[in-house]
Every structure is written in C-alpha cells, then in structure tokens.
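Below is one structure, written out as structure tokens; the observations come after it.
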Amino acid sequence: MPGGPKGRQHDPRRDSIEIDEEHAGVGRAWLEQRMLDSMAEVLGLDTHVSVEVTIANNWGEKG
C-alpha cells in the first residue's frame, strides 16, 4: 500500500489510518475494502454491511 500507512485506533468502534496526503484516495479505497472483507469473513457473504470512510486532516474534523 503506498503512502506508508500507520494504524491508529482512537475509539473501539472505529478504525483509522494515518497516511501521506498524496495517497489519501488510494488509502480510502484500501481501508473501505479491508473493512468490508473483514466483516464478510465474520458475518458471512449474505449479510449486508456498509462502511463510512472519511478523509480528514485530524481526528477532530470527523464529529
């Protein structure tokens, strides 16, 4: 994955990564797919799930 992502978890209900700004779009797509794949593995492919991925400069921007 480009951009040197670093895992960060600020809240047990949320996943977050820190990534170089120029790779934010790729990082967003990667994180979204990772989350969907993980939930499908646990819940099964027949379960509908959705995720929300937000690009922000800091944790406080996403309320």
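The values are calculated or read from the model by the stated rules, or taken from the named source; none is laboratory data. This one's a predicted model, so the numbers in the text were calculated from it and none came from an experiment. Virtual Cβ from ideal backbone geometry, glycine too; neighbours counted across all protein chains shown.
Go through the stretch 38-53 and count every residue that is without any contact (Cβ under 8 Å) to a residue 24 or more places away in the chain and surrounded by 10 or more Cβ atoms within 10 Å (Cβ to Cβ).
Result for the stretch 38-53: 6.
If the condition is being of a type in the set (Val, Ile, Thr), at pLDDT 85 or above and in a loop (DSSP other than H, G, I, E, B), then the stretch 1-53 contributes Thr47, Val49, Val51, Val53.
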